[in-house]
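Chemist: Sharing a structure, written as C-alpha cells. Questions coming.
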Amino acid sequence: MLFDETGRELELKASTSDDICRVAEHYHLIKMAANEALRQAGMVDKVDLSPVIRSLVCVPLILRDQVIGVFGAVNRHGAGGFTAEDKRLLMAITSQVDTAIFESLEKRHIRTAFRRFVGPAVMERMLNMPARDFFQVERLPLTVLFSDMRGFTTIAERTAPEVIVEILNQHLTAMTEVVLAHEGTLDKFVGDEVMAVFGAPVPMPDHALRAVQTALEMQRAHGELLARWSAEGREGAPIGIGINTGEMVVGNIGCELQVDYTVIGDAVNLGSRLCGIAKEGQILISEATYQLVRDHVRVNKLSPVRVKGRMQPVQIYEVLGLQHGEHDVP
C-alpha cells in the first residue's frame with residue numbers, strides 16, 4: 001500500500017494475483033494493521049484475525065523522514081504467526097522496496113513538475129542525476145531571456161479573436177520548440193511574451209551563449225512565421241528580445257494555491273527591461289552577458305541606456321550574429 005498525500009490515507013497498489021483484498025472484510029482488517037504500522041513507525045504482527053487471515057505482518061515504508069506506504073505479507077494457510085526468520089527476510093526485502101519506490105515516486109514527481117518547462121534531453125539528465133532537490137530555492141548565476149511581439153496589442157484590436165488566438169498559438173509553439181531545443185527552461189508566457197531561463201534546473205557552463213543562440217534561432221523561426229502569415233493575408237508583428245546574466249533566485253516560488261518553478265531578482269528585471277526597449281527584430285544583451293559570449297558573437301555596441309530600477313545607465317549590445325565558424329546549435 002502507498003500513502004496518498006492528497007487523501008492522507010493508504011491505498012492498495014499491488015498484491016498477489018489471488019487477491020484477498022477484494023473481499024471488503026479482509027481489506028478492512030489488512031488496512032487496520034497497515035495503519036497501525038504507520039502510527040507506530042514499526043513492524044506490526046497479527047495472528048488469528050480471521051479464518052482466512054491466519055497471520056499478518058506489516059512494515060512501514062519510511063525513507064528520509066517521508067512516509068511512502070506499507071509493505072506486508074498475509075499467511076492464509078500455515079498455523080501460528082510468522083517466525084523470526086520470516087520477519088528478518090521481510091525486513092530485508094522492505095529495505096530494498098522502500099528505496100526503489102521512493103526513487104520511482106521522486107522521478108514521477110520531477111516529471112510531473114518539470115514536463116512543462118524542459119525538453120526531453122534535460123528531463124533525462126535530471127532523472128539520471130544523483131539525489132538532488134530541484135525544487136529548493138537557491139541563488140545561482142543564470143541567464144534569462146525575454147521575447148515579445150512589437151505592437152501585438154494594436155494588431156489584436158483590429159483582428160478577429162479566433163485569428164489572434166491562432167497566430168499567438170503558432171508563435172508560442174515555435175518559440176517554445178526553439179527554447180527547448182537549446183536546453184533552456186521555459187519559465188512562462190505572459191500574453192505574447194516568452195520568458196526562458198538557462199542554467200537551471202540543470203547546470204550548464206555556457207548558459208549565456210545558449211541564450212544568445214536561442215535568441216538568434218527565435219528570430220529566424222519567427223521570420224518564417226511572418227512570411228507565412230503574410231502569404232495568408234494575415235498581419236504579424238516582429239519580435240524584440242532582451243537577455244541578461246546575473247545572480248537570480250530560482251526554485252519553486254508561490255503560495256499554497258499556486259507554486260511555479262521560476263526566477264526572480266534584479267537581474268531578471270533587467271532582462272525584461274532590455275526586452276522592452278528592443279526594437280523590431282533586435283536582440284539586446286547586457287554587459288554581463290556580453291562578457292561571457294564576446295568570443296562567440298558579433299555585436300554592435302550601443303550607447304548606454306537608462307532603465308527603470310537602475311540609477312546608472314546600462315551598457316547594452318545588439319547581437320548581429322555568431323562569429324564565423326560558430327554554429328547556432330546547442
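The values are calculated or read from the model by the stated rules, or taken from the named source; none is laboratory data. Small disclaimer: the values here were computed from a predicted structure and weren't measured. Glycine gets a Cβ as well: all are built from the backbone with ideal geometry, and neighbour counts include every protein chain shown. In case anyone asks, the SASA skips ligands and DNA or RNA and just uses the protein heavy atoms, side chains included. Shrake-Rupley method; radii C 1.70, N 1.55, O 1.52, S 1.80 Å.
Chemist: If you add up the charges near D266, with Lys and Arg at +1 and Asp and Glu at -1, over every other residue whose beta carbon is less than 11 angstrom from its beta carbon, what do you get?
Modeler: Values: positive: R273, R310; negative: E247.
Charge balance in the 11 Å sphere: +1.
Chemist: For V74, tell me the accessible area in Å² from a 1.4 Å probe, rounded to the nearest 10.
Modeler: Approximately 50 Å² of V74 is accessible to the 1.4 Å probe.
Chemist: How much length is gained on full extension from V165 to E247, taking 0.36 nm per residue of separation minus their Cα-Cα distance?
Modeler: Working: separation 82, 0.36 × 82 = 29.52 nm, distance 3.53 nm.
This chain segment gains 26.0 nm when fully extended.
Chemist: To the nearest 10 degrees, how steeply does helix 207-231 sit against the main Cα axis of the chain, on a 0 to 90 scale?
Modeler: Taking Cα atoms only, the helix is inclined about 70 degrees.
Chemist: Next up: Calculate the spin-label point distance for A92 paired with L320, positioning each point 7 Å from the Cα along the beta-carbon direction, and give it in nanometres.
Modeler: Placing both labels 7 Å beyond Cα along the Cβ direction yields 7.2 nm.
Chemist: Among residues other than G309 whose Cβ falls under 14 Å from its Cβ, what is the net charge (Lys/Arg +1, Asp/Glu -1)? Could the numbers behind the result be given before it?
Modeler: Numbers: positive: R273, R306, K308, R310; negative: D266.
Here the charged neighbours net out to +3.
Chemist: Which label marks the calculated value of Rg/Rh (Cα atoms, Kirkwood Rh), given the options (1) 1.08; (2) 1.74; (3) 1.18?
Modeler: Only one listed value fits the structure, namely (3).
Chemist: Carbon and sulfur atoms: what percent of the 1.4 Å accessible area of segment 173-330 do they account for?
Modeler: 51
Chemist: Tell me, what is the FRET efficiency for R158 and R220 to the nearest 0.05, using R0 = 35 angstrom and their Cβ-Cβ distance as r? Don't skip to the answer; put the middle values down first.
Modeler: Numbers: r = 27 Å, r/R0 = 0.78.
Computed FRET efficiency for R158 and R220: 0.80.
Chemist: At 1.4 Å probe size, with every protein chain present, just tell me what the per residue accessible area of the chain comes to in Å². Let's see the in-between values first.
Modeler: Values: 17440 Å² over 330 residues.
Here the residues of the chain average 53 Å² of exposed surface.
Chemist: For T159, T16, write out the residues from largest to smallest accessible area, computed with a 1.4 angstrom probe and no ligands counted. Can you show the working numbers first?
Modeler: Details: T159 35, T16 95 Å².
Largest accessible area first, the list is T16, T159.
Chemist: Applying the Karplus parametrisation 6.51 cos²θ - 1.76 cosθ + 1.60 with θ = phi - 60° to the phi angles of segment 139-144, what ³J(HN,Hα) value in whole Hz is obtained for each residue in order, glycine and proline being reported as x?
Modeler: Karplus-based 3J(HN,Hα) across segment 139-144 equals 9, 9, x, 9, 10, 10 Hz.
Chemist: To continue, here is another question. In whole Å, what is the distance between the alpha-carbon centres of segment 165-221 and segment 256-280?
Modeler: Using only Cα atoms, the two centres lie 13 Å from each other.
Chemist: Around I164, under 11 Å between beta carbons, what's the net of Lys plus Arg minus Asp minus Glu among the other residues? Write down the numbers at each step before the final one.
Modeler: Values: positive: R158, R234; negative: E157, E162, E166, D192, E235.
Summing Lys and Arg as +1 and Asp and Glu as -1 gives -3.
Chemist: Please give the FRET efficiency for V67 paired with A181, using the beta carbon to beta carbon distance and R0 = 41 Å, rounded to the nearest 0.05.
Modeler: 0.55
Chemist: With +1 assigned to the C-beta of every Lys and Arg and -1 to the C-beta of every Asp and Glu, and no other charges, what is the dipole magnitude of the chain about the Cα centre in debye, to the nearest 20? Working shown, then result.
Modeler: Numbers: 34 positive and 43 negative charges, 79 e Å.
Computed charge dipole of the chain: roughly 380 debye.
Chemist: First check a/c for segment 193-330, with a ≥ b ≥ c the square roots of the eigenvalues of its C-alpha gyration tensor; if it is under 1.5, answer rounded, and if not, answer prolate when a/b is larger than b/c or oblate otherwise.
Modeler: Values: a/c = 1.42, a/b = 1.19, b/c = 1.20.
Judged from the Cα gyration tensor, segment 193-330 comes out rounded (a/c under 1.5).
Chemist: Then there's this: What's the ranking of 149-158, 298-307, 234-243 by average number of surrounding C-beta atoms within 10 Å, highest first?
Modeler: Packing order, densest peptide first, comes out as 234-243, 149-158, 298-307.
Chemist: Got a sec? Charge dipole of the chain, +1 on Cβ for Lys and Arg, -1 for Asp and Glu; which of Q315, V299, T16 is way out at the positive end?
Modeler: Towards the positive end, the residue furthest out is Q315.
Chemist: Continuing with this model, one more query. Need one value: the accessible area of K188 in square angstrom, 1.4 angstrom probe, rounded to the nearest 10.
Modeler: 80
Chemist: Let me ask something additional. Between R306 and E9, how high is the FRET efficiency from 1/(1 + (r/R0)^6) when r is the Cβ-Cβ distance and R₀ = 56 Å? Nearest 0.05.
Modeler: Working: r = 58 Å, r/R0 = 1.04.
The value I calculate is 0.45.
Chemist: Under 5 Å between amide H atoms, partner at least 5 residues away or on a different chain: which partners does I62 have, H built in plane at 1.01 Å?
Modeler: Hits under the 5 Å cutoff: I68.
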